[in-house]
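Here is the structure we will look at.
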Amino acid sequence: MPTHDNETPDASADATVIEEFRAHRGKAGGPFEGRDLVLLTTTSAASGTPRTTVLDYVRRGESLLVVASGSGAPSHPAWYRDLLAHPVVGVEIGTWNRQMLAVPDRTAPSGEPLGHALPASAARVPLVVVLEAADPEVWEGRPREVRTLADKVMEVHTWLRGQLRQVKAETDAHFAARAAHQGPGEPPAPGLGLQIRQRCLAFCQALEFHHTSEDDHLFPGIARYHPELGAVFDRLRDEHRAVARIQRDLAALLAGVGVADAERFRAELAAMSDELNAHFDYEEKEIVPLLADVPWPPAPPPAAEGGAAAGTAE
């Protein structure tokens with residue numbers, strides 16, 4: 001049975017199913033009764049706004065499988081185009097809600113995992129999408145508790161370092177599999193593959209958000225109290241620009257779904273790893289100690305005297 005998604009003309013029907021899903025802990029009636037449903041929230045490739053879609057799913061180990069069928073339409077559904085631009089997606093099953101990494105699997109038999117039966121006139125072959133853990137497998141050095149802003153910065157750095165290690169490990173495994181191939185059958189494709197593309201793109205987007213947050217909010221706040229650190233902030237902003245340049249080079253390589261120039265990607269990734277780790281080391285030496293006494297999350301503002309909000313007295 002085709003998935004129900006936002007490519008169908010009746011958007012109000014989608015909204016009704018989503019409301020029913022959330023109100024009944026992941027269950028819906030009518031044609032959806034008894035089906036395993038997931039709410040997939042993607043970020044629109046065109047507008048950057050969130051888009052929630054109702055899909056059937058099946059489990060494969062720790063991962064989930066969904067199918068970009070679009071009910072047999074000639075083009076892939078909008079949510080599939082979204083995840084190629086923004087690989088980290090929101091996933092809701094019942095009351096369970098988390099972020100996951102979306103990776104199209106072009107090796108899977110199209111539609112088979114969900115028993116999809118497309119019309120004979122279907123204009124394209126639907127793609128299977130694997131939803132897997134977005135976090136790196138190992139968080140080496142992660143703070144046990146996050147009580148201060150210093151802990152929070154270290155947690156983000158640890159997450160980014162773990163993502164970078166995972167991208168490198170997957171890239172190295174890809175090259176090793178190509179080098180070891182013998183006998184009949186096709187060797188692994190010369191491109192890097194969608195798994196590496198999606199994880200690297202997610203990493204670059206998270207890194208860009210982290211650096212923008214530092215430049216726009218964190219650094220100006222610290223500078224007000226530590227004007228003597230002006231040269232430190234100038235260096236950090238220069239390093240952010242250098243890392244952003246490498247990110248743009250990687251993004252250009254990742255623009256196509258099939259990554260053709262794998263050797264160049266590997267060289268760019270190595271350069272980014274070296275610069276980024278040196279940047280994190282410097283930031284952790286010069287900036288993180290200044291944040292050790294700043295509570296996280298921030299304390300709420302104190303209530304006005306008498307329990308009334310300021311400005312409400314007549």
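Each value in this text was obtained by applying a stated rule to the coordinates, not by laboratory testing. For clarity, every value in this text was computed on a predicted model and none was experimentally measured. Heads up, the Cβs are rebuilt from the backbone with ideal geometry, glycines too, and the neighbour counts pull from every protein chain shown.
Annotations for the structure displayed:
- Radius 10 Å from Cβ of T41, net charge of other residues (Lys, Arg +1; Asp, Glu -1): -1
- Counting 0.36 nm for each residue step from R235 to A270 and taking away their Cα separation leaves a gain of 10.5 nm.
- Spin-label model, D281 to A252: label points 7 Å out along the Cα-to-beta-carbon direction sit 2.8 nm apart.
- Cα-projected label distance for A292 with T95, points at 7 Å along beta-carbon direction, nm: 4.1 nm
- Order by protection proxy (mean Cβ within 10 Å, highest first), peptides 77-87, 18-28, 171-181: 77-87, 18-28, 171-181
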